[in-house]
Amino acid sequence: MRRIGMAPVAFGIGLFAAWETAVRLFKIPTYLLPAPSTILSAADRALAGHLLMTFSEALAGFAIASAIAFGAAVVFLRSPVLERGLFPIAIAVKTTPLVAIAPLLVLWLGTGWWSKVAAAALICFFPVLVNTVRGLKAADQEYRELFRAFKADEWQEFRKLRLPFCLPYLFAALKISSSLAVVGAIVGEFVGATQGLGYLIMVSSAHLDTDILFSGIFASAIAGIVLFQAIGWFEKRTVFWQKGEVE
């Protein structure tokens, strides 16, 4: 496991070393492609503040979307009529580009924190909903018949059969959505914001501050990686019966 964990670090160091060498060797202008050392020097407290804002928006949107999607999946399990009626609406929301919805969110919720949270939630909702619905239906018919033979009620069947079968599907969706949440928050910041990585990227791009632009991009990547790894950490301790597959 340690060797597997060190592989991305080693590749990353090699990539940045090659990048630094190429920029210095070919004397590439900073406004076209800054060296990693220049990007690192551009990181300051202001960048940390923008990162914290975007991270909080992404985390809140991710948590809200995951909770609502899980609740909707449970409702769909109990009511196939609602599933058939509302699922196409969820698909329509998913297929609508977030950049088209973001201006409406700013119009309805303002340029503050909540419009970015809503953008992150919208992009996270569908993967969690689809995987949770599939996971709750994943238990074989034979297992369900066995629970009924032992006179288990619906809550016992849900808690001891359907939920354990659902967890691997749920965590797979949460991993996907955790990274998408950062994307959603940044897209929301593109439309209207005075703080956050999206705002920083927009302003630095307009002023050709490419080193600051790259620092914002790297910060957003770090935010996504942190969320992804956090979900993976919880997965290893929750889906313990599939430890070999999770790791």
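The values are calculated or read from the model by the stated rules, or taken from the named source; none is laboratory data. The shown structure was predicted, so the numbers you read here are calculated from the model rather than taken from an experiment. When we count neighbours, we look across all protein chains shown, and the Cβ atoms used for this are built from the backbone with ideal geometry, even at glycine. To get the accessible areas, we keep the full protein, side chains included, count just its heavy atoms, and leave off ligands, DNA and RNA. Shrake-Rupley method; radii C 1.70, N 1.55, O 1.52, S 1.80 Å.
At a 1.4 Å probe, what is the % contribution of carbon and sulfur to the accessible area of the chain? Can you show the working numbers first?
Values: 9990 of 14360 Å².
Of all accessible area on the chain, carbon and sulfur atoms account for 70 percent.
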Which ³J(HN,Hα) values in Hz, rounded to whole numbers, follow from the phi angles of region 173-187 under the Karplus curve 6.51 cos²θ - 1.76 cosθ + 1.60, where θ = phi - 60° and Gly and Pro get x?
5, 5, 5, 5, 5, 4, 6, 5, 4, 5, 4, x, 5, 5, 4
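What percent does the relative contact order of the chain come to when contacts are Cα pairs within less than 8 Å and at least six residues apart? Please report the intermediate quantities before stating the final value.
On the way: 300 pairs, mean separation 64.9, N = 247.
Here the relative contact order equals 26 percent.
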What angle do you read, to the nearest 10 degrees and between 0 and 90, between the alpha-carbon axis of helix 2-26 and the longest principal axis of the chain?
30
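Please calculate how many Å² of accessible area the chain carries per residue, with a 1.4 Å probe and no DNA, RNA or ligand atoms counted. Could the numbers behind the result be given before it?
Values: 14360 Å² over 247 residues.
Result: 58 Å² of accessible area for each residue.
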Using only Cα atoms, tell me the angle between helix 98-109 and the longest principal axis of the chain; keep it within 0 to 90° and round to the nearest 10.
90
Nearest 10 degrees, 0 to 90: what angle lies between the long axis of helix 45-78 and the longest principal axis of the chain (Cα atoms)?
20
Calculate for the chain the 222 nm mean residue ellipticity that helices alone would give, adding -39,500 (n - 2.57) per DSSP H run of length 4 or more and normalising by residue count, nearest 500 deg cm²/dmol.
-27500 deg cm²/dmol
Out of Ala67, Thr38, Ala102, whose Cα points farthest toward the positive end of the dipole of the chain (charges: +1 Lys, Arg; -1 Asp, Glu; placed on Cβ)?
Ala67
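Assigning unit charges at the beta carbon (Lys, Arg +1; Asp, Glu -1) and nothing else, what dipole magnitude in debye, to the nearest 20, does the chain show about its Cα centre?
Approximately 520 debye in magnitude.
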Cross-link candidates for Lys151: which aspartates and glutamates have Cα within less than 20 Å, leaving aside residues fewer than 8 places away along the same chain?
Asp140, Glu142
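For a protection proxy built on the mean count of beta-carbon atoms within 10 angstrom, sort 141-152, 173-184 highest first, please.
Output ranking for 141-152, 173-184: 173-184, 141-152.
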Cross-link reach from Lys236 to lysines, straight Cα distance under 22 Å and at least 8 residues apart if same chain, gives Lys160, Lys175
Using a Förster distance of 41 Å, the FRET efficiency for Arg24-Leu104 (Cβ separation, nearest 0.05)
0.35
